[in-house]
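**Student:** The structure is given below, and queries will be raised subsequently.
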Amino acid sequence: MAGFRFTKIIAASSAVLVMGSCGVTDRTAEVSGFFFDTYSHINACGSNCENTMKALTQKFTELDTAFSLCYTTTARLLPDDEAYTECLDQCRILSDKYGDDINLTCGELTALWGISTDTPKVPTEKEILEALTSISCDGSYSETTMLDFGAVAKGYACDKAYELLKTTDTEYAAVSLGSSSLLYGAKPNGKFRTGITNPDNGKGYLGIIETDAAFISTSGGYERFFEADGKRYSHILDMDTGYPVETDLTSVTVVIPAETADGGIMSDFLSTLIYIQGTSQLDKWLAYDEFEVIAADGDGNVYTDCEGFTLDKDSGYSYGK
Amino acid sequence: MENKERKVINKRDTIIIVLIIISALACLFIPKLTDRGGYAVLKCGDEVAARLALDQSGDYTFPEFEGMVFTVADGAISVTESSCGDHTCIRTGAISRSGEVIVCVPNKAAVTIESKEQSDLDVVLK
């Protein structure tokens, strides 16, 4: 629903390209606006930057419209769009490989809670049980299924941005979609620097990651949630119970090298999955070579295998184990 | 007297040179000191609705953001009241560093920080 409202803003923001300076000639461009229900920011450096920016903005507008549409209608009324099939296919592959805690057929359950809307509410037991029956365990869906791409939409958009940037003369770019980002190309004077927001709100950064080109996504329950009767309900839902997940982690960030095929959706998927599974499963995730993990728990511990990560000394966190 | 006149730099010259160096340094540092607080840039959609100096403490409201109250205190800005349902903007807390952002999606509001100290971050994940 919200996506429609923002299409106009996105269109308008695409027109506002702020020129800066890159080296001697003016070859950088910057744009910001509301995509994917978040404040997004892109900057790029290279020849023909303005056109690249326009193409990116257009791509994001298309994807935003496509994914927002899912919240308003069932699968039967959705247009043919490769964004849907690609996300579903890739999510199935990732689920087989890493775990099936994320399910894109949970749209009915998401709508029931309405956590990211203006009117969130705690549903009744009966409503939840009913919504649970609409979730298919293998990710297949019928015409009456409501799809929810929220768990992977931003990561997928980063993959699409990477594909698009590959076809341009962009030297480097930073695409930031709130919880997912793409760092593309190579900066002339060093590595990319990414700040991770401190899960204790208002306390600055948890730390800084220095990387080469990469896809980086963060998941946590500290920002999007609502409170009812003194209890906190986060926006990430448990597909078994139908309630928000109970996890002892507060923030999980996954870093994947940009050369990895479909690394964007993978980083988005994995950060959510690792967040859901909690500290008990962390050792397994830290052992993987394909990606790096930075996980913070509710007791002020940070667990990581990320070489480029530096903990902010004022974050109130320390390294666990 | 003859000896003193032969000196390349006499006492008066030294004072002048020192004064020049001090004023040069002052020119370098004074703008930085006074601008250290930076500004909060309030955007409604893609349009800048207001720019608030972070050293001017107080509560601010704007017609573009109905029901929202922006509070500047201790060189940082926060959203302290909002008409939105989820209150994500209020929970973000106070921001003061370049690169940080407060977002209220329902009100189409975004607050970013503009400061002389350039952010060395390419991305801030939240």
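**Student:** Alpha carbons only, please: Rg and Dmax for region A:123-212, in angstrom.
**Tutor:** For region A:123-212, the Cα radius of gyration and maximum Cα-Cα distance read 19.3, 58 Å.
**Student:** Based on Cα coordinates alone, diagonalise the gyration tensor for chain A, multiply each eigenvalue by 5, take square roots, and list the semi-axes in whole Å, largest first.
**Tutor:** Sorted largest first and rounded, they come to 30, 25, 18 Å.
**Student:** Would you please classify the overall shape of region B:61-108 from the alpha carbon gyration tensor, given that a ≥ b ≥ c denote the square roots of the eigenvalues, rounded means a/c under 1.5, and beyond that prolate means a/b larger than b/c while oblate covers the rest?
**Tutor:** Prolate is the answer for region B:61-108, as a/c is 1.5 or above and a/b outweighs b/c.
**Student:** With every protein chain kept in place and ligands, DNA and RNA left out, what is the accessible area per residue of region A:116-181? Probe 1.4 Å, answer in Å².
**Tutor:** The answer is 44 Å² per residue.
**Student:** May I ask you to compute the full-extension gain from A:Asn301 to A:Thr241, defined as 0.36 nm times their residue separation minus their alpha-carbon distance, rounded to one decimal in nm?
**Tutor:** The span from A:Asn301 to A:Thr241 would gain 18.8 nm if fully extended.
**Student:** Measure off 7 Å from each Cα along the Cα-to-Cβ vector at A:Leu77 and B:Asp120, then give the distance between these two points in nanometres to one decimal.
**Tutor:** Reported label-point gap for A:Leu77 and B:Asp120 is 5.2 nm.
**Student:** Give the B-A buried accessible area in Å², both sides summed, 1.4 Å probe, nearest 100.
**Tutor:** 3000 Å²
**Student:** Just grab the label-to-label distance for A:Thr144 and B:Ala50, each label 7 Å out from Cα along the Cβ direction, in nm (one decimal).
**Tutor:** Simple spin-label model gives 5.0 nm for this pair.
**Student:** Turning to a different aspect of this structure: Given the options A:Gly278, A:His235, A:Phe291, identify the residue whose Cα lies farthest towards the positive end of the charge dipole of region A:231-296 (+1 on Cβ of Lys, Arg; -1 on Cβ of Asp, Glu).
**Tutor:** A:His235
**Student:** Would you list the P(r) distribution for region A:25-134, with all Cα-Cα distances sorted into 5 Å bins from 0 and each bin expressed as a whole %?
**Tutor:** Going out from 0 Å in 5 Å bins, region A:25-134 shows 2, 9, 14, 16, 17, 16, 11, 7, 4, 2, 1, 0, 0 percent.
**Student:** Which of rounded, prolate, oblate describes region A:155-292, given a ≥ b ≥ c as roots of the alpha-carbon gyration tensor eigenvalues and a/c under 1.5 marking rounded, otherwise prolate only if a/b is larger than b/c?
**Tutor:** prolate
**Student:** Could you give the Stokes-Einstein D for region A:82-153 in µm² per second, using the C-alpha Kirkwood radius, 4 °C, 1.567 mPa s?
**Tutor:** 100 µm²/s
**Student:** Within 10 Å of each Cβ in peptide A:64-74, how many partner chain Cβ atoms are there on average? Round it to a whole number, please.
**Tutor:** For this peptide, the per-residue mean of nearby foreign Cβ atoms is 0.
**Student:** How much accessible area per residue does region A:197-321 have, counting only protein heavy atoms and a probe of 1.4 Å, in square angstrom?
**Tutor:** Computed with neighbouring chains in place, this is 41 Å² per residue.
**Student:** Running Debye on region A:239-306 with equal point scatterers at the Cα sites and no solvent, what base-10 log of I(q)/I(0) appears at q = 0.21, 0.22, 0.26 Å⁻¹?
**Tutor:** Values, matching the q order: -0.85, -0.91, -1.15.
**Student:** Next question. State the volume of the convex hull built on the alpha-carbon positions of region A:71-119, expressed per residue in Å³ and rounded to an integer.
**Tutor:** 94 Å³
**Student:** Can I ask one more? Could you sort the residues of region B:46-62 by number and keep only those whose accessible area is reduced by 50 Å² or more in the all-protein-chain setting relative to the chain alone, 1.4 Å probe?
**Tutor:** Residues meeting the cut-off: B:Asp46.
**Student:** At a 1.4 Å probe radius, carbon and sulfur cover how many percent of the accessible area of the protein assembly as shown?
**Tutor:** 52 percent
The values are calculated or read from the model by the stated rules, or taken from the named source; none is laboratory data. Just so you know, these numbers come straight off a predicted model, no measurement behind them. Cβ atoms come from the backbone with ideal geometry, glycine included; neighbour counts cover every protein chain shown. Accessible surface is based on the protein model in full, side chains and every heavy atom, while ligands, DNA and RNA are left aside. Shrake-Rupley method; radii C 1.70, N 1.55, O 1.52, S 1.80 Å.
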